[in-house]
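Chemist: Please see the structure below; I have some questions.
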Amino acid sequence: MAEHVIYLSSASNLKIDGLEEKLARCRQSMEEVDLKLRREKLSPEGRKSLERERNLLMTKADNYEKELSVLRKENRKNAALAVAMALLIALIYTCWTM
C-alpha cells in the first residue's frame, strides 16, 4: 500500500512538473505576443489576431494554474496519507514488540 502511495506521489510530481513547463512556455509566449503588440506597427487585423492569441494563451494559463492547484492538493493529500500510514505501522510495530 505504501508503494502505491509513493507511486501516486511520483506520478503527481511528474504531472506537476509537466504542467509547470507548459505554464512557463505559455507565459513566455504571452510575453512575446505582448511585446509584438507594443513594439510592432500592426494592421487592425494583425492586432486583432494577436489579441485573440493573447486571450487564448491567458485562458490556457488559467487552466494550467487551476489544474496545478488540483494536482498540488492531491499531492499534499498523498503525502499526508503516507505519513499517517508510516505512523500507524510504527505504532503497530511498537505494540507488537512490547
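Chemist: Name the one entry in L37, L71, L87, L50 that is more than 18 Å from the chain's Cα centre (by Cα) and either under 27 Å from L14 (Cβ atoms) or not in a helix (DSSP H, G or I) (or both). Give the derivation first.
Modeler: Working: L37 fails: either under 27 Å from L14 (Cβ atoms) or not in a helix (DSSP H, G or I) (or both); L71 fails: more than 18 Å from the chain's Cα centre (by Cα); L50 fails: either under 27 Å from L14 (Cβ atoms) or not in a helix (DSSP H, G or I) (or both).
Just a single option satisfies the conditions, and that option is L87.
Chemist: Sort out which residues of the range 66-88 are surrounded by 13 or more Cβ atoms within 10 Å (Cβ to Cβ) and among the small types (G, A, S), and write them in order of number.
Modeler: Answer for the range 66-88, where residues must be surrounded by 13 or more Cβ atoms within 10 Å (Cβ to Cβ) and among the small types (G, A, S): A79, A82.
Chemist: Still on this structure, please answer the following. Take the residues of the range 63-98 that are touching a residue at least 12 places away in the same chain (Cβ under 8 Å) and small (G, A, S): which is nearest to R27 (Cα to Cα)?
Modeler: Ranking the qualifying residues of the range 63-98, first place goes to A79.
Chemist: Do we have any residue at all in the range 13-22 that's modelled with pLDDT under 95, open to solvent by 70 Å² or more (accessible area, probe 1.4 Å) and either part of a loop (DSSP other than H, G, I, E, B) or among the hydroxyl-bearing types (S, T, Y) (or both)?
Modeler: no
The values are calculated or read from the model by the stated rules, or taken from the named source; none is laboratory data. Just so you know, these numbers come straight off a predicted model, no measurement behind them. Cβ sites come from the backbone with ideal geometry, for glycine too, and all protein chains shown count toward neighbours. Protein only, heavy atoms only, side chains kept; ligands, DNA and RNA dropped before computing areas. Shrake-Rupley method; radii C 1.70, N 1.55, O 1.52, S 1.80 Å.
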